[in-house]
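All remarks here apply to the structure that follows.
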Amino acid sequence: MEILVCVKRVPDTAENEIEINSEGNDIERDDLVYSVNEWDNYAVEEAIQMVDKHGGSVTVVTVGDEESEEVLRREMAMGAESGLLLTDDAFEGSDGKGIAAILKAAVDKGNYDLIMTGAQADEGYAQVGGMLAAMLDYPYASLVNMIEVGDGKLKVGREIEGGNMEVNEIELPCVLSIQTGINEPRYVGIRGIRKVASVDIPTLGASDLGLDAGSVGEGAARVKRIDYFVPEMGEGAEMLEGSTEEIIDKLIELLKSKGGIK
Amino acid sequence: MAQIFAYILHSNGVLDDSALELLAAAKKIDDSAEVTAIVTGKGIDDVCSKAAESFKSVWKIDNEALSYPNAEVVRKALLSLLPADSIVLLPHDTFGMDLGPGLSVKLDSAFAADVVDFEGVEGNTLKTIRQEFTGQVNTHVHCDISAGAVINVRPGVFQAAEGQAGEVVDKSGELGDLSVKRKFIEVQEAEAGEVDITKSDVLVSIGRGIEDEDNLEMAFELAEAMGADVSCSRPIVDAKWLEKARQVGTSGKTVKPKVYMAMGISGSFQHMGGVKGNPFIVAVNKNPKAPIFQVADVGVEADILEFIPELTEKVKEL
Ligand SMILES: Cc1cc2nc3c(=O)[nH]c(=O)nc-3n(C[C@H](O)[C@H](O)[C@H](O)COP(=O)(O)OP(=O)(O)OC[C@H]3O[C@@H](n4cnc5c(N)ncnc54)[C@H](O)[C@@H]3O)c2cc1C
Ligand SMILES: Nc1ncnc2c1ncn2[C@@H]1O[C@H](COP(=O)(O)O)[C@@H](O)[C@H]1O
């Protein structure tokens, strides 16, 4: 099975406090630590496991700047065979449809049985997978947390409300968005990344992909982020202040009065 | 102004909470809008009548192929019925995520997801408010709705609106081909766990801030001292550190404790969506800007790895 996994380089929120810059038009990016979008690691792991069992190969692809190459290498260190970096000034400012259109062009150049995305990325849209599927006219299932390979089709579980699983049969080729928890993504150390450091990663721009530059990027975007702002804090929590001892004493009094300590 | 539609989820003849939330969202987009509810399924007369108590118009789309809301089939059904520049509202839940993005491609309309508020329409621009980075920052996002839009609205943020009664219009006869390449088979219920956190009065709930599996022990010690149970956020279950039955949230359990201790949890809407019954919420987090502090009653800015053992000791002394 030939599998393409879409991955995105995102600020790592476990490592960073996100702050807005003074103009309010972006977050402070200078000291941000970036990593692979959490959901995408699960997708790559799943793809690798499927290929281990059923043969084929895994390609990872990203739309981003030069620096995004590092996330491709990281996923290749996990076991993806090849990477594709889709980068062009014309791609900047793309909305979800722009990103999906760029990815579609890359899919059209290959021969994939299965395309995977993460369920969502840093901006919380959860859109690219479903858009890509519709553009390709492939069937789609989101929030997938179980995959069984059958003949020309897959049995997939979708995680729905309450942790229940909706089981579907889906024909190949298809697009799946992967939910966290479907597997345990393997650890990659510095050594693994070094091993793939010199592997060539092809870079493709708008013309290589046969994309009309006007159909992607900011000009084509119908959904635009205007600015960032700090939400007006409502009442908010009463913050307990003082030494740790004082805080704990206050907290224990509160917990007692609210029935929190039996 | 284009026509606004709200897709109504329902099960066992009961409207989902999102139904009247979407009505409220539509009113926030356009106060004078006459919102059309779309109900799909098999044998849905009762649900349609219920929807017609609040919506001016209810489209009944009754078909065997829609007896389970398979998003691929629903999409085809909607495509054969919706006018070109419609504004379609969906809940940003596991169904809306499945349907919305692809629907917007096929309608060739704009798509915005997880919208938490609207600031009206100006010309062809729909002004929305979203959040990024699990609620650490808000953004103004503008959608060009000249060709319509599909908008996924965050569940739980709009107060259910009171609508006006209306009529059911049967659209079932106007459906085109509904064949799709994804077949629904069954729903498998989540397994029960060793504890039932839905019955707990007091929960010590652990998030990614616990950092390491070995540190979980301190959570159990605190819980034991308090007479509480241990629950957690999703990443703890994903890492297989605790069983799924302890996960609080939209894809986990809905809990109704008296006291909820959120320890090292950022406060994403999918997590807080599982905390009901207005408990007394205590949040301990080392990031003073963590969104959890906006919904908690009492907050402590601290490292839980230091704070939990100290609190446990004091509670034991009582
Ligand atoms: C369809 C869908 C369904 C989902 N369902 C659920 C669900 O049911 N339940 C759920 O929980 N999530 C769910 N999620 C995931 C959700 O979006 C968040 O990713 C998740 O809730 C984050 O968990 P967290 O707060 O523990 O981790 P994070 O968001 O990473 O937050 C960790 C917090 O701990 C703080 N911290 C770190 N170290 C320390 C320390 N030493 N001391 C004190 N504080 C510290 C950090 O400042 C941060 O605020 C779902 C997502 C999707 C897409
Ligand atoms: N720039 C990108 N390059 C490659 N894949 C992406 C990009 N943005 C989003 N995706 C994919 O789409 C998924 C969902 O992201 P989103 O729709 O932005 O929430 C991610 O998990 C990725 O798999």
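Values for this structure:
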read-out	value
Neighbour net charge for B:K314 - beta-carbon separation under 9 angstrom, K R +1, D E -1	-4
Computed accessible area, B:K258, all protein chains, 1.4 angstrom probe, square angstrom	110 Å²
Translational diffusion of the stretch A:158-262, µm² s⁻¹ [Kirkwood Rh, Cα pairs; Stokes-Einstein; 10 °C; 1.306 mPa s]	71 µm²/s
Nearest-ten-degree value, helix B:304-317 long axis tilted from longest Cα axis of chain B	60 degrees
For chain A, built as a Gaussian network whose Cα springs stay under 10 Å, the top-fluctuating residue of A:R225, A:R186, A:R158	A:R225
Area hidden from solvent between B and A (accessible, protein heavy atoms only, 1.4 Å, total, Å²)	7300 Å²
Around B:P155: net Lys/Arg minus Asp/Glu count, Cβ-Cβ under 13 Å	-4
Positive minus negative residues near A:V33 (Lys, Arg vs Asp, Glu; Cβ under 10 Å)	-3
Pairs beyond 19 Å (Cα-Cα), from B:K28/B:K276; A:K250/B:K289; B:K199/B:K258; B:K253/B:K289; B:K28/B:K56	B:K28/B:K276; A:K250/B:K289; B:K253/B:K289
For the protein assembly as shown, accessible area per residue (1.4 Å probe, heavy atoms of protein chains only), Å²	42 Å²
Spatial extent of chain A: Rg and Dmax, with the Cα atoms as the point set, Å	21.6, 68
Accessible surface of A:K8 - all protein chains present, 1.4 Å probe, nearest 10 Å²	70 Å²
Whole-Å semi-axes of chain B's equivalent ellipsoid (Cα gyration tensor)	41, 22, 17
Projected-area average for the stretch B:197-317 over all orientations - Cα convex hull basis, square nanometres	6.3 nm²
Whichever aspartates and glutamates have a C-alpha closer than 20 Å to that of B:K314, once near sequence neighbours (fewer than 8 apart) are set aside	A:E241, A:E245, A:E246, A:D249, A:E253, B:E217, B:E221, B:E224, B:D229, B:E301, B:D303, B:E306
Crossing angle, helix A:69-78 versus chain A [Cα axis fit, 0-90 degrees, rounded to tens]	80 degrees
Those GluC sites (Glu not before Pro) in the stretch A:172-262 that DSSP places in a loop and that have at most 16 other beta carbons within 10 Å	A:E232, A:E235, A:E241
List A:S257, B:S146, ordered by accessible area with a 1.4 Å probe, largest first	A:S257, B:S146
Most to least accessible of A:H54, B:H140, B:H271 (protein chains only, probe 1.4 Å)	A:H54, B:H140, B:H271
Chain-alone versus full-assembly comparison, the stretch B:132-181, residues with accessible loss of at least 50 Å² (1.4 Å probe)	B:E132, B:F133, B:Q136, B:V137, B:N138, B:H140, B:H142, B:K181
Cα gyration tensor category, rounded, prolate or oblate, for the stretch B:117-212 with a/c compared to 1.5	oblate
Carbon and sulfur %, accessible surface of the protein assembly as shown computed with the full protein complex present, 1.4 Å	43 percent
Cα-centred dipole magnitude for chain B, charges only on beta-carbon of K, R (+1) and D, E (-1), debye, nearest 20	580 debye
Candidates A:I160, A:I252, A:I147, ranked by Gaussian network fluctuation over chain A, Cα under 10 Å, top entry	A:I252
Crossing angle, helix B:216-226 versus chain B [Cα axis fit, 0-90 degrees, rounded to tens]	80 degrees
Kirkwood hydrodynamic radius (C-alpha pairs) into Stokes-Einstein, the protein assembly as shown, 20 °C and 1.002 mPa s, D in µm²/s	86 µm²/s
Fraction in percent of alpha-carbon pairs per bin - 5 Å, the stretch B:4-174	2, 9, 19, 23, 22, 15, 7, 3, 1, 0
Average projected area [Cα convex hull, the stretch A:108-209], square nanometres	8.9 nm²
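The values are calculated or read from the model by the stated rules, or taken from the named source; none is laboratory data. This is a predicted model, so every value here is computed, not measured. A quick note on method: Cβ atoms are made from the backbone with ideal geometry, for glycine too, and the neighbour counts reach across all protein chains shown. Side chains included, ligands, DNA and RNA excluded: accessible areas come from the protein's heavy atoms. Shrake-Rupley method; radii C 1.70, N 1.55, O 1.52, S 1.80 Å.
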